[in-house]
């Protein structure tokens, strides 16, 4: 039986994480960006694994008084199976438990990414604004979403 597990991301995971990013985004993060986050004590990094193969990841980081969902992706063949929910839930639970000063979490998402917007809304994120032409390749507005951590749904 196939079982998806979520665990912390480690440096050894980065080649697979980079491959997932390249399959998921028109302008994916560089290896150097992922390396920086793995070494950052203010980051919560999780991967989803299926039978020993990485199929998704999430990166959330705190900057001063702001906590931000920086990147989340699932390989195309595994989307729609709840992997993104598992990753986001695990990361948000860790933030709630270990970073008790965190009150609000933000993110940006392409306005056309209905699946991601639906996922975020499921967790209680709400649209708080828009960033005109925030994304490139293709150029598109970004929706700013926010979550009060004490109102997290899952």
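Readers should treat all values here as calculations from the given coordinates under stated rules, not as data from a laboratory. This structure is a prediction, so every number in the text was calculated from the model and none was measured. When we count neighbours, we look across all protein chains shown, and the Cβ atoms used for this are built from the backbone with ideal geometry, even at glycine.
For segment 4-151, list log₁₀ I(q)/I(0) at each q in 0.17 Å⁻¹, using the Debye formula over Cα point scatterers of equal strength and ignoring solvent, two decimals each.
-0.99
If each residue's Cβ is checked for other Cβ atoms within 10 Å, how do 85, 62 rank with the fewest at the top?
85, 62
Dividing the alpha-carbon Rg of segment 1-44 by 2.2 N^0.38 Å yields what?
1.28
At residue 79 and residue 32, where each label point lies 7 Å from the Cα along Cα→Cβ, what is the point-to-point distance in nanometres?
The answer from the label model is 2.9 nm.
Considering only the chain, what is the antiparallel percent among its DSSP beta bridges, to the nearest 5?
In the chain, approximately 95 percent of DSSP beta bridges are antiparallel ones.
Taking the Cβ of each residue in 57, 10, 134 as the centre, tally the other Cβ atoms inside 10 Å and list the residues starting with the fewest.
Going from least to most buried by this count: 10, 134, 57.
Rounded to two decimals, what ratio of Rg to Rh does segment 82-151 give with C-alpha atoms and a Kirkwood Rh?
Using only Cα positions, Rg/Rh for segment 82-151 is 1.01.
For residue 128 and residue 149, compute 0.36 nm times the residue count separating them, minus their Cα-Cα distance, and round to one decimal in nm.
Separation in residues times 0.36 nm, less the Cα-Cα distance, equals 6.1 nm.
How far is the Cα center of segment 85-122 from the Cα center of segment 125-145, in Å?
Distance between centres, Cα-based: 16 Å.
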